1. Relative to the compact-globule scaling 2.2 N^0.38 Å, provide the ratio for the alpha-carbon radius of gyration of segment B:6-69.
2. Other chains' Cβ within 10 Å of A:433-444 residues: what's the mean?
3. For segment B:1-73, which chymotrypsin sites (Phe, Trp or Tyr not before Pro) are both in a DSSP coil and crowded by at most 11 other Cβ atoms within 10 Å?
4. Could you check the spin-label model distance between A:Ser59 and A:Glu300? Points 7 Å from the Cα along Cα→Cβ, value in nm.
5. Hey, got the dipole for segment A:1-159? About the Cα centre, +1 on K and R Cβ, -1 on D and E Cβ, debye to the nearest 20?
6. Using the Cα centre as the reference, give the magnitude of the dipole from point charges on the C-beta atoms of segment A:191-348 (Lys, Arg: +1; Asp, Glu: -1; all else neutral), rounded to the nearest 20 debye.
7. Between the alpha-carbon centers of segment A:50-112 and segment A:247-311, tell me the distance in whole angstrom.
8. Write down Rg/Rh for the protein assembly as shown, rounded to two decimals, with Rg from the C-alpha atoms and Rh from the Kirkwood relation over Cα pairs.
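Derivation of every value follows stated rules applied to the coordinates shown; laboratory data play no part. Here the structure is a predicted model, which is why all the values come from computation and not from measurement. Positions of Cβ are backbone-derived with ideal geometry, glycine not excepted, and every protein chain shown enters the neighbour counts.
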Amino acid sequence: MKDGIVDASLCEIADSIAAREVSAVEVTESAIRRAQALQPTLNAFISMDADGALEAARSVDQDIAKGAPVGRLAGVPLAHKDMFYRSGRITTCGSKIRRDFVADRTSTVLTRLEQAGALYIGGLNMSEFAVGPFGTNVHFGNCHNPWDPARSAGGSSSGSGAATAARIVYGAFGSDTGGSVRIPAVMCGVVGIKPTQGRVSRYGLMPLSYSFDTAGPLARTVRDAARLLDVVAGHDALDPTSSTRPAGSCEAACGAGVAGLRIGIPQSYFYDETAPEVAAAITAATDTLESAGATIVPVEVPSHDQINLIWAAALAAEAATIHRKWLRERPDDYGALVRRRIEFGLYQPATRYIEALTLRDGIVRDYCNTAFADCDVLLTPTAPITAPNLSDVDVGDSENMPALVLLLSRCTRPISYLGLPAISVPCGFDSAGLPIAFQLIGRPFAEPTLCQVGHAYQQLSTWHERMPPLVANPGQGVPES
Amino acid sequence: MNHLSGEFVAALARTWHRFELPEQDLETLAAMLRPMDEAGEELSANVAFDMEPSDYLLGLEAMADAARDVGHDK
């Protein structure tokens, strides 16, 4: 089982632990060894809790030995972006300002994962205060991409992407306000889900934007991510903005196939600045889904350029409200990029901000009625380029920063304004060996349909089975299990 | 023509938020704000008297229900 521990998916390792083919302690020790071995190269963790994880693993093994019922994630080591609060523990939010912040509550996401038996081995690196798609961090150091440590892991959930891709953990949660789950997912070659606004409770999640924040899973397979989402989805009385609509099972939708489903290919915007190798991989993935029985439909979508701008204005206004006191009193404790991207929210008129939110209803209705008139899901690139060099994106608040941010997030941020669900699924590699992914976008609360299509694609492809060279090659200082 | 200037941003910072912005930041911030102001101004024509932000949550539910009603929601 030793090699199997690293190779196994989240669902497979959970099944193996439950069947006593491997113990939770063995699996956790293996994860901790990989985390420690890779930390100097990837810097994926801000903090680790090896002792706590091993103690919890022993408890899971004892329950299983006694025949006690255990949850769907029993004994599975996870780690999460360091912005999910845990009562009594430090949650840094990737910042200098909150380096010693001790949370007074536990996030509903963590509570539900632990109720399902999941283990927690540490807090993961992230862009400061979840701002920025590059995964850079001036306070804790940049997170590095497992496929090429000179490259960006994507952000803002950089450690969630890197730790999952490097097979340190079997899955991780991040937050997504404009692409912060999906961008590290594509850059690191793992699956990432941004749920519908309100599908997952945000209680105990560091706020960036009241209107656009979501929490979502990253994992190696669609089925793994589906299970993680199923565990945390659903109404939470502690978050009044969470939807009371019953959550359909995403994992149950995996396996239904795509025959009869219509996949829409937007004829504008999403492919405009796409690199040729990315476009070719997306086309090949579309062909694969068509060969499996899906109908491919060209569709028109409303303009996204204005959506991007009013999303940025509203997000900044909300973030600036949260950060206003620190921006005045501790401006030098922010990284330059982060301060700049938050502070311009101070200069938005209140009327403009409220207009941006007021228009959201009409825009999402128009979008759904237009884009989804003849299809069940949209298929686009997740990002128009593969992981950039860290040296190219570590630009602080330089003049070209806004354009770089927009390029990396151009396919994800309009979907955040709309609040629609989306999933990023790996679909190839470029000539430099860097991952490429497509994004599926659905109608509100259509997460099961997205998982259905994504899982069907992974049954016909092997991209998600590839292992980053530094993980696959033990000679690079990584233990075998 | 958008007249949102660095000088105007400096005045907002001083008046609304009680701090001084470094001189070199003013034009950068103004340049970031101008396209948002243009887009917001253009879209504001679509705001009607009885609309409010919470309508959005109803919109999400309505679009999900509409999909289910026509059999799109598997």
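1. Numbers: Rg = 18.9 Å, N = 64, 2.2 N^0.38 = 10.7 Å.
So segment B:6-69 has a normalised radius of gyration of 1.77.
2. 2
3. Passing sites in segment B:1-73 are B:Phe49.
4. Computed distance between label sites A:Ser59 and A:Glu300 equals 5.8 nm.
5. Details: 16 positive and 18 negative charges, 95 e Å.
That gives segment A:1-159 a dipole magnitude of about 460 debye.
6. My answer is approximately 520 debye.
7. 35
8. Here the Rg-to-Rh quotient is 0.95.
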